[in-house]
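The values are calculated or read from the model by the stated rules, or taken from the named source; none is laboratory data. Since the model is a prediction, treat every value here as computed from it, not as a measurement. Positions of Cβ are backbone-derived with ideal geometry, glycine not excepted, and every protein chain shown enters the neighbour counts. Areas reflect the complete protein model, heavy atoms only, side chains present, ligands, DNA and RNA absent. Shrake-Rupley method; radii C 1.70, N 1.55, O 1.52, S 1.80 Å.
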Amino acid sequence: MLTVSDVSLRFSDRKLFDDVNIAFTPGNTYGLIGANGAGKSTFLKILAGLYNIEEGEILINGRSLIDLDIRSYRSKMSVLFQDFVKYELSLRENIGFGDIQNLNNDEKMVQMLHKLQTKFLQTDNGSYNLDLQLGNWFEDGCQLSQGQWQKIALGRVYFRDASFYILDEPNAALDTVSEREVFEKFFELSKDKIGVFISHRLNAAKMADKIIVMDQGKIVGIGKHDELLRNCMTYQKLYKAESYEREDM
C-alpha cells in the first residue's frame, strides 16, 4: 500500500503541490486526469521517487520512503513516461531492459510480445526474431511508427514483474483500437497490484477503478465518472470540453 500524506513541493518560487493526500491500494487502477499544467506528470515522478518532497511523506506499507532503500523501492515498480527512449538496438534489448536479469529469457519475452499483439514484428511464419535490429541507425534496421515504438516501450514496462505500474499517457500515439488493447492489457497485468496511468482522454480514465482529478497541483476529486460529474467542477469542465471536441470531429 502506498500512501501520500500532506505532500507539498516547491519549484523556484512557485509551489507545485500543496497538501496532496491519497492512498493507493493493491488490486485497484487509478486514472489521473487534468488540464495541461495541472501537475500530473510531476506527481507520477514524485511517486517514482525521482523528486524529493519538501513537506509531508510517502509511506510504503506504513514505512516512510525516506527510511527505505530507494533502489529496492524502484525495483518494485515499472514506469513508462511520455518521453520514453527508442533504443536503436535489438528487439531483445528493447524489451529486456525492463528486467535485465531476464534479458535471455526468450520464452517470457515472446509471451509478452504475443500479449501486446505486436504482429508488425512477426516473421512470415508468425515467430519473433529477438535479434531484429530496430530503428534506422544501422544497416537492415526495422523502422517503426511512433505508435509501434510505444508498444515496444509498453512491452519493456510489462516485462518486469512489478508491484506498481505507472504509465504516463500510454495511449498518446495510439489509434482507438490499439488504445483499447493497451488498457485491457494494463488492467489485466495490474490485477492484484497498483496501477496508475495518466490519460488525456476521459473514456480511458473511465475504465479505471478510481479517477483522480488534478488542478493546479491539487487533487480536487476522486471517484467514479458519474460521481465526479455530480460533485467535481473541474471534471465537469473537462468532460464538456472533450464532448465539444468529439462533436467538432
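Only one residue in Leu32, Leu16, Leu9 is assigned to a strand (DSSP E or B) and under 21 Å from Gln236 (Cβ atoms), so which one is that? Just one listed residue meets the conditions, Leu32. Figure legend. Inter-residue proximity from segment 204-231: first residues farther than 23 Å from Ser190 by Cα, second residues open to solvent by 40 Å² or more (accessible area, probe 1.4 Å) and among the aromatic types (Phe, Trp, Tyr), beta-carbon distance below 7 Å, spacing 6+ or different chains. Indicated pairs: Leu229/Tyr239. Here Gly147, Gly126 are screened, and the one residue that is farther than 30 Å from Ile212 by Cα and surrounded by fewer than 19 Cβ atoms within 10 Å (Cβ to Cβ) is Gly126.
Every residue, every condition in (1) of a type in the set (Phe, Trp, Tyr); (2) open to solvent by less than 40 Å² (accessible area, probe 1.4 Å), yes or no:
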position	(1), (2)
Met1	no, no
Lys15	no, no
Phe24	yes, yes
Ala35	no, no
Ala38	no, yes
Ile53	no, no
Val85	no, no
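Here is a yes/no grid of residues against (1) of a type in the set (Lys, Arg); (2) touching a strand residue (DSSP E or B) at 6+ places or on another chain (Cβ under 9 Å):
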| residue | (1), (2) |
| --- | --- |
| Leu2 | no, yes |
| Ala23 | no, yes |
| Thr29 | no, yes |
| Asn36 | no, no |
| Leu59 | no, yes |
| Lys108 | yes, no |
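Within segment 104-117, residues that are over 14 Å from Glu188 (Cα atoms) sit with their Cβ atoms under 6 Å from residues that are of a type in the set (S, T, N, Q) and open to solvent by less than 100 Å² (accessible area, probe 1.4 Å), at 6+ positions apart or across chains, in these pairs: Lys108/Asn102. If you go through segment 81-97 one residue at a time, do you hit one that is at pLDDT 90 or above, of a type in the set (A, V, I, L, M) and touching a Cys at 6+ places or on another chain (Cβ under 9 Å)? Yes; the residues of segment 81-97 include at least one that is at pLDDT 90 or above, of a type in the set (A, V, I, L, M) and touching a Cys at 6+ places or on another chain (Cβ under 9 Å). Scanning segment 93-107 turns up one or more residues that are buried (at least 19 other Cβ atoms within 10 Å of the Cβ) and over 17 Å from the mean Cα position of the chain (by Cα).
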